[in-house]
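The values are calculated or read from the model by the stated rules, or taken from the named source; none is laboratory data. Please read all numbers here as calculations on a predicted model, not as lab measurements. Glycine gets a Cβ as well: all are built from the backbone with ideal geometry, and neighbour counts include every protein chain shown.
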Amino acid sequence: MDCDDDLARDVARRLSRWYRMHRRDLPWRRTRNPYAIWISEVMLQQTTVEVVAKRWKRFLTRFPTVESLARAPERPVLAEWSGLGYYARARNLHRAARAIAARGAFPRTLEGWRDLPGVGAYTAAAVASISFGVPEPVVDGNVVRVLCRLHGLRLDPKAPATLAKVRALARPLVPARNSGDHNQALMELGALVCTPRAPRCGACPLRGACRAAKGGKPEAFPRAPRRPEPRTIHLVAGIVEREKKILLVEDKTLVKGHLCVPTFEVRGRQRPANVLRRGWKRLTGRGAVALERVATLRHSVLDRRYLVCLFTFKEKRAVPPRSRQPGSDDAFSRALVPRVPASRIRLLSPSQISRHAHGGLLLKVLAAWREHGS
Ligand code: SF4
């Protein structure tokens with residue numbers, strides 16, 4: 001497709017008509033409020049529309065304005081983000097809210113949004129176009145797919161050069177008015193019609209101009225992205241009750257700041273139960289006895305695959321720190337389990353956990369524990 005002005009206008013017109021008739025009625029599409037749009041866009045980058053539909057409303061109920069988010073301490077913000085993943089985004093959201101509140105107004109330009117902590121090209125273009133009508137293209141995975149197919153480009157969809165190319169192709173399509181709707185229409189087409197494996201070209205408003213569809217194998221475009229080989233990491237985790245509460249630590253390995261049951265890496269031929277005993281002693285000063293294997297859990301974070309061997313057990317009486325023998329903290333344990341300050345250890349009942357930041361692994365641990373007969 002040659003992107004001359006007439007053709008660009010035709011594509012934009014078809015897209016706009018299709019969007020008016022077929023768009024999903026999503027709650028964040030009923031507002032132009034920059035705060036509400038911004039929260040939805042950050043959430044949409046990391047989870048499904050269905051999950052965001054529930055969590056977006058809840059987040060806005062808890063922090064209804066940018067000022068209320070700016071005033072909140074970090075802990076409740078991270079707790080509210082629990083289950084949405086990528087906590088760095090929640091931290092940046094919080095820092096950016098403080099910057100906006102300090103300034104007293106939302107930025108109205110693309111550059112203004114880009115200056116905020118953690119706001120990248122996608123979020124800046126989405127909020128600036130939807131809330132303030134800035135005629136800037138939004139480029140996400142859906143847009144890359146649609147435009148690569150439209151232009152018959154077999155490129156690596158994750159490569160920076162592809163994003164730059166697609167942004168250049170998307171720019172002339174953006175109308176001077178209603179740029180936000182146009183951007184959402186292109187993303188919506190990718191989500192509903194021009195899907196990765198089975199594009200529904202028969203229902204597509206762009207079919208007449210689409211090179212990939214003409215070639216008969218649209219699903220072959222843009223090209224499968226090169227993914228790094230996933231790394232498998234073996235962990236052992238222990239769940240122990242003290243007075244109907246569970247011992248949890250603030251994680252630094254899987255997701256920083258999350259509460260999780262203590263986990264220790266199992267290397268080479270080490271036996272998980274031994275690693276757990278030694279790790280527990282180092283962490284809490286208590287011995288672990290009557291270990292019972294509960295389950296092996298699978299968990300993924302980015303390109304890491306965790307296989308987690310979960311045990312329950314009982315604790316032996318604590319050894320007061322002063323009476324510990326020098327050397328009982330052996331080199332093995334020191335290497336395996338870094339010192340955890342008391343401030344990072346919590347004892348919580350299962351019902352209290354939801355008030356703290358926690359992730360998918362802890363939910364899997366609790367489910368397996370319940371099934372095992374906690
Ligand atoms: S015609 Fe098919 S391949 Fe081309 S943009 Fe539409 S759905 Fe995608």
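Okay, residues lined up against (1) outside the structural domain of Gln352 (by TED's automatic domain parsing); (2) assigned to a helix (DSSP H, G or I); (3) at pLDDT below 90:
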{"site": "Ile246", "(1), (2), (3)": "no, no, no"}
{"site": "Val249", "(1), (2), (3)": "no, no, yes"}
{"site": "Thr253", "(1), (2), (3)": "no, no, yes"}
{"site": "Phe264", "(1), (2), (3)": "no, no, no"}
{"site": "Gly268", "(1), (2), (3)": "no, no, no"}
{"site": "Val275", "(1), (2), (3)": "no, yes, no"}
Among residues of segment 282-301, those that are under 22 Å from His372 (Cβ atoms) and either within 26 Å of the chain's Cα centre (by Cα) or part of a strand (DSSP E or B) (or both), counted: 12
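Hand me the list of helices (runs of 4 or more DSSP H) wholly inside segment 136-227 holding 3 or more residues that are under 24 Å from Val119 (Cα atoms). Walk me through how you get there before you give the answer.
Details: elements: 141-151, 160-170, 179-192, 211-215.
Answer list for segment 136-227: 141-151, 160-170, 179-192.
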Residue match in segment 178-195 (condition: away from the ligand (no atom under 11 Å from the Cβ), among the charged types (D, E, K, R), at pLDDT below 95 and over 30 Å from Leu347 (Cβ atoms)): no
Residue selected from segment 221-237 under the condition more than 30 Å from Leu363 (Cα to Cα) and either modelled with pLDDT of 95 or more or touching a Pro at 6+ places or on another chain (Cβ under 6 Å) (or both), by the criterion nearest to the ligand (Cβ to nearest atom): Phe221
Flag for Pro73 being more than 30 Å from Pro205 (Cβ to Cβ) and out of contact with any helix residue (DSSP H, G or I) (no Cβ under 7 Å at 6 or more places or on another chain): yes
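Here is a yes/no grid of residues against (1) assigned to a helix (DSSP H, G or I); (2) at pLDDT below 95; (3) under 24 Å from Gly360 (Cβ atoms):
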site: Arg13; (1), (2), (3): yes, no, no
site: Arg17; (1), (2), (3): yes, no, no
site: Arg20; (1), (2), (3): yes, no, no
site: Asp25; (1), (2), (3): no, no, no
site: Arg32; (1), (2), (3): no, no, no
site: Ser40; (1), (2), (3): yes, no, yes
site: Ala53; (1), (2), (3): yes, yes, yes
site: Trp56; (1), (2), (3): yes, no, yes
Breaking point among (1) within 25 Å of the chain's Cα centre (by Cα); (2) more than 9 Å from the ligand (Cβ to nearest atom), for Lys165: (1)
